[in-house]
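In what follows, a single structure is set out as structure tokens and then discussed.
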Amino acid sequence: MSIRDHFPIFQHKVYLNSCSQGALSTDVQRSYEAYLNDWDEKGSPWELWVERNEAARHAFAGLINADPNEVAVTTSVSAGVSALASALDFGGERNKVVVSDFEFPTVAQIWHAQERRGAKVVHVPAAGNLIPVERFAEAIDERTKLVSITHVSFRNGTRLDVGAILELAHRKGALVLLDSYQTLGTFPVDAKALKVDFLAGGVLKYLLASAGLAFLYVRKELLPDLQPTSMGWFSQASIFAMDVYANTPSPTARRFESGTPPVPSLYAGVAGIKLIQSVGVERIEAHIREITGAIKEGAMRRGFNLVSPVNPAHHGALITLRSHKVDLLVKRLEEGGIITSSRDNNLRISPHLYNDLSDVDRLMDCLTRHKELLV
Ligand SMILES: Cc1ncc(COP(=O)(O)O)c(C=O)c1O
């Protein structure tokens, strides 16, 4: 059985929209059935479901080479980052948050919400399809508390020079939050090797599961000094202590969790991550590089306007092309059985482990038929 056979959608569509939502596998479908069976057969197996939360924590930790105690299991990136924001103090001299213009809006919005608590948000603007490291160097200084960057931009597929930005930030004593939603599952992300302070992501896209499950990694040395005010019973040292007289946060990153975990999504998330790991992230990276290479080459040969950088070191699994009628183009492709998406005026094409070169041929044929929408 080839990996593509795990994804029934390919029997009738070319799926190229993993930056938005991974395709449904038979594995994830079965995991939802397992959830319903457990519920039906066992009644209310909360011990099992709390164990499932731990399984998700271990799966995330394994994926990014972290200790499970450094991982909070959350229902969205927004929930994790909001809990983190609630633990940061913006009252003193060090109150600056440096945010790239390539961020997913939710992250930037959360930092702007901290302005009421004293935060000064500074944006690092793009220069065309890149944000040069020098721009970060200009923005990060001794007053910077946090640098909040995306690993790969959801808008155009550009990959930031995370290593260089981390070095700049740490030299000035600032912390770094990396939003790896658009990279997890597409190439190895090692929180320890990166020496990143915080890292967030979720399972919806290249981790092949569905809505409701995400995580926040917090470097363990930082945990004792971070006391979130966004809390819940699942963030307590003892979840089932049921103490109404005190807030006793967990000593681990679980203190960034909240209420009842998203049980069905835990089943699906673990199944999606297992499928990725059964193939291996390094192999997936090489495969995606071949497919994105063919997309770029085919687009440039036909004179289409490539927005993503040409150099594979500067883009992720997402390749974008400029279109002056992008909604219509997405519709035309859909009519041709090809699923893509758009942001700004960019057509977003995001292959994954399940795509092959025949998908690129079909895409190029369809784009050529509608090239008046592209050039
Ligand atoms: C880079 C990035 N961050 C975050 C999110 C989503 O965040 P949340 O889980 O809060 O919806 C997305 C996509 O939906 C994304 O592309």
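The values are calculated or read from the model by the stated rules, or taken from the named source; none is laboratory data. Worth saying up front: this structure is predicted, and the values here are computed from it rather than measured. With ideal geometry, Cβ positions are generated from the backbone for all residues, glycine too; neighbour counts draw on all protein chains shown. Just so you know, the surface numbers come from the protein's heavy atoms only, side chains and all, with ligands and any DNA or RNA stripped out. Shrake-Rupley method; radii C 1.70, N 1.55, O 1.52, S 1.80 Å.
Show S238, S180 ordered by accessible area, largest first, where the area counts protein heavy atoms only and the probe is 1.4 Å.
I get S238, S180, largest accessible area first.
Helices assigned as whole DSSP H runs in the chain whose Cα atoms extend at least 15 Å along their own long axis and whose mean Kyte-Doolittle hydropathy is -1.0 or higher are found at 46-64, 77-87, 263-279, 281-301, 357-369. Per-residue surface analysis assigns W46 an accessible area of about 100 Å², computed on protein heavy atoms at 1.4 Å probe radius. Taking a straight line from the alpha carbon of K192, these aspartates and glutamates sit under 19 Å away, with near neighbours fewer than eight places off in the same chain left out: D67, E70, D161, E167, D179, E221, E282.
How many percent of the accessible area of the range 1-91 is carbon or sulfur, using a 1.4 Å probe? Its accessible area is 49 percent carbon and sulfur atoms. Between the range 201-262 and the range 7-53, the alpha-carbon centres lie 23 Å apart.
Looking at the square roots a ≥ b ≥ c of the eigenvalues of the Cα gyration tensor of the chain, which shape do they give, rounded for a/c under 1.5, prolate if a/b is larger than b/c, or oblate? Spell out each step's value before the answer.
Numbers: a/c = 2.19, a/b = 1.23, b/c = 1.78.
It comes out oblate by the Cα gyration axes.
Tell me, what is the FRET efficiency for I9 and E33 to the nearest 0.05, using R0 = 25 angstrom and their Cβ-Cβ distance as r? Write out the running numbers ahead of the final one.
Numbers: r = 18 Å, r/R0 = 0.72.
Working from the Cβ atoms, E equals 0.90.
Taking the alpha-carbon centroid of each part, what is the distance from the range 341-359 to the range 299-338 in angstrom? A separation of 7 Å, based on Cα centres. For the residues H123, H352, H12, a 1.4 Å probe over the protein chains yields an accessible-area ranking, largest first, of H12, H123, H352.
For K42 and E115, calculate 0.36 nm times their separation in residues minus their Cα-Cα distance, and state this gained length in nm to one decimal.
Details: separation 73, 0.36 × 73 = 26.28 nm, distance 4.76 nm.
Here the segment from K42 to E115 would lengthen by 21.5 nm.
A crude spin-label estimate for the pair H324 and V375, with each label 7 Å from Cα along the Cβ direction, gives 1.4 nm.
So how strong a dipole does the chain carry about its Cα centre when Lys and Arg Cβ are +1 and Asp and Glu Cβ are -1, to the nearest 20 debye?
On the way: 40 positive and 42 negative charges, 189 e Å.
Using Cβ point charges on Lys, Arg, Asp and Glu, the chain gives about 900 debye.
Surface composition of the range 252-335: carbon and sulfur atoms hold 50% of the protein heavy-atom accessible area at a 1.4 Å probe. Which parts of the range 131-152 would a label at D225 reach, counting a residue when its backbone N lies under 13 Å from a point 7 Å out along Cα-to-Cβ? 145-146, by backbone N distance to the label point. Put M231, M242, M1, M300 in order of accessible area, highest first, and with a 1.4 Å probe you get M1, M242, M300, M231. Residues of the chain were split at every exposed loop site, defined as GluC sites (Glu not before Pro) in a DSSP loop with at most 11 other C-beta atoms within 10 angstrom, and the longest piece left, sites excluded, is 143-375.
Any idea of the accessible area per residue across the chain, 1.4 Å probe, to the nearest Å²? Before the final figure, lay out each step's value.
Values: 15690 Å² over 375 residues.
Normalised by residue count, the accessible surface of the chain is 42 Å².
Spin-label pair K195-R283: with each label point 7 Å from Cα along the Cα-Cβ axis, the two points sit 3.4 nm from one another.
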